[in-house]
1. Using all C-alpha to C-alpha distances in the range 193-304, build P(r) with 5 Å bins and read off the rounded percent in each one.
2. Tell me which lysines have Cα within less than 18 Å of residue 416's Cα, excluding those fewer than 8 residues away on the same chain?
3. Charges at C-beta only: +1 for Lys and Arg, -1 for Asp and Glu. How large is the resulting dipole of the range 66-165 about its Cα centre, in Debye rounded to 20?
4. Would you mind classifying the range 135-189 by shape? Square roots of the alpha carbon gyration tensor eigenvalues, ordered a ≥ b ≥ c; an a/c under 1.5 is rounded, otherwise it is prolate if a/b is larger than b/c and oblate if not.
5. Each residue of the range 138-148 in order: what ³J(HN,Hα) in whole Hz does its phi give by Karplus 6.51 cos²θ - 1.76 cosθ + 1.60, θ = phi - 60°, with x for Gly and Pro?
6. Mind computing the radius of gyration and Dmax over the alpha-carbon atoms of the chain? Å is fine for both.
7. Among 141, 221, 399, flag the residue with its Cα farthest along the positive direction of the charge dipole of the chain, charges on Cβ as +1 for Lys/Arg and -1 for Asp/Glu.
8. Treat every Asp and Glu Cβ in the chain as -1 and every Lys and Arg Cβ as +1, leave all other atoms uncharged, and give the resulting dipole magnitude about the Cα centre to the nearest 20 debye.
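Throughout, read-outs are computed from the coordinates displayed, never taken from laboratory work. Here the structure is a predicted model, which means the values were calculated and not measured. Neighbour counts are summed over all protein chains in view; Cβ atoms, including those assigned to glycine, are modelled from backbone coordinates with ideal geometry.
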Amino acid sequence: MNTIKSYIENNKERFLNELIELLKIPSVSADKAFKKDVLNTADFVLKSLKKAGCDKVELCKTPGYPIIYGEKIIDTNLPTVLVYGHYDVQPADPIDLWHSPPFDPVIKKTEIHPEGAIFARGSCDDKGQMYMHVKALEYMTSTGNLPCNVKFMIEGEEEVGSESLSWFVPRNKEKLANDVILISDTGMIANNIPSITTGLRGLSYVEVAITGPNRDLHSGLYGGAVANPINILTKMIASLHDENNHITIPGFYDNVEELSLEERAEMAKAPFSKEDYKKSINIGEIYGEKGYTTNERNSIRPTLDVNGIWGGYTGEGAKTVIASKAYAKISMRLIPNQDWREITELFKNHFESIAPKAVKVEVKPHHGGQGYVTPIDNIGYQAASKAYETTFGKTPIPQRSGGSIPIVALFEQELKSKTILMGFGLNSDAIHSPNEHFGVWNYLKGIETIPYFYNYFTELHHQK
Ligand code: BES
Ligand code: MN
Ligand code: MN
């Protein structure tokens, strides 16, 4: 296994160049204008799995974008690892804020990544992290070091809610049968503080619209005498949190599990600097729900955030107008016990009930998904932990993340297996933001660590 280091040393230029080619294709799943590119990316992934040594690769048609399936089965008596990842990316806008074009990858050094980072949309989320698995497979097959069976399932709709995958998984349980699911689509604390993600939050995403008068009005002639939809909407939104930043929707916290003081004390051991945190995003003070730390607020507590709000005149100069309509997109991050459909319903009922009679209110649910927590007393977690110990020289810290990969809860439900989240990104990598990047060191470290997971998992599986 010490050969993995030299394999990477001998091939790292090619590993980087291949990823750069993949990053050049703008596979934005949210925007139909990129349909061809998304399909071309699927094709790229298919070919790269074939080249990396899969015996069977398939482009699986779905009602939406295709799912790429690949496998290498060496012995049906051996355990099977199912790798999941996504080849679609978030839209790149606002484009103006990128220092280099989002689909023209460049490697630049940063303070956090002195060995360079690849700047491009999708570099960290998730093309770079997904491709680590393809290269780890290439190493294992070409050197005879693959210790077990492996299956790949790479989708193209993660960033828009994984609808086609939810359709695909229940229809292909046999094909997808596995002993553990392995995903690199999360992060870790720092390059010298490895961590393994043990939890993801759920999500409920809604769009709201407030309608006042049937047309835009002169704000002098009508102002003061009619309900202004923007005034009303912002007031309604403001009322969704109280003075302690608790969410005011009745029933919202009913299923929220309070962690014990011991569990919270354990969490608090993870290294965290409030000053560094503030500095990294240039804020004067931290903010959030009373009674909880920053790390608790962004992992074990549910939230409600406006993601976008619009209406009225936003062009240059001033226009005196009362708009007929106002809109907002709102997301709620949920903890694993909360049912996202139930929460969506609670939101809808509450939001409709607080609207004054002077306006019409409409709540349109978008998508959602369940949260996930994984115990650390299973061989999947243990194998991952040993893999990090081997390549980082440190025991990784288990950590719950605030992000969401809704499909993970469905995997557990349908395929009855645990998911191990071995993420190698950093919070500062700016996923979903302009100037997204992924450390070259992180990319190569991921490729180095993954084969150890396969080895330890196979070993522990035999001991069971
Ligand atoms: N890879 C992210 C989720 C993530 C990132 C989890 C970092 C933990 C740490 C994923 O691609 C993503 O962006 N998920 C969306 C939800 C999805 C339904 C659009 C999210 O979390 O907003
Ligand atoms: Mn992702
Ligand atoms: Mn994402």
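1. Going from the shortest bin to the longest, the percentages are 2, 8, 14, 16, 15, 13, 10, 8, 6, 4, 3, 2, 0.
2. 151, 173, 175, 464
3. On the way: 7 positive and 16 negative charges, 99 e Å.
It works out to roughly 480 debye.
4. Working: a/c = 2.39, a/b = 1.43, b/c = 1.68.
Oblate is the answer for the range 135-189, as a/c is 1.5 or above yet b/c matches or exceeds a/b.
5. Whole-Hz 3J(HN,Hα) from phi for the range 138-148: 4, 4, 5, 6, 6, 10, x, 9, 7, x, 8.
6. 23.5, 80
7. 221
8. The dipole of the chain has a size of about 500 debye.
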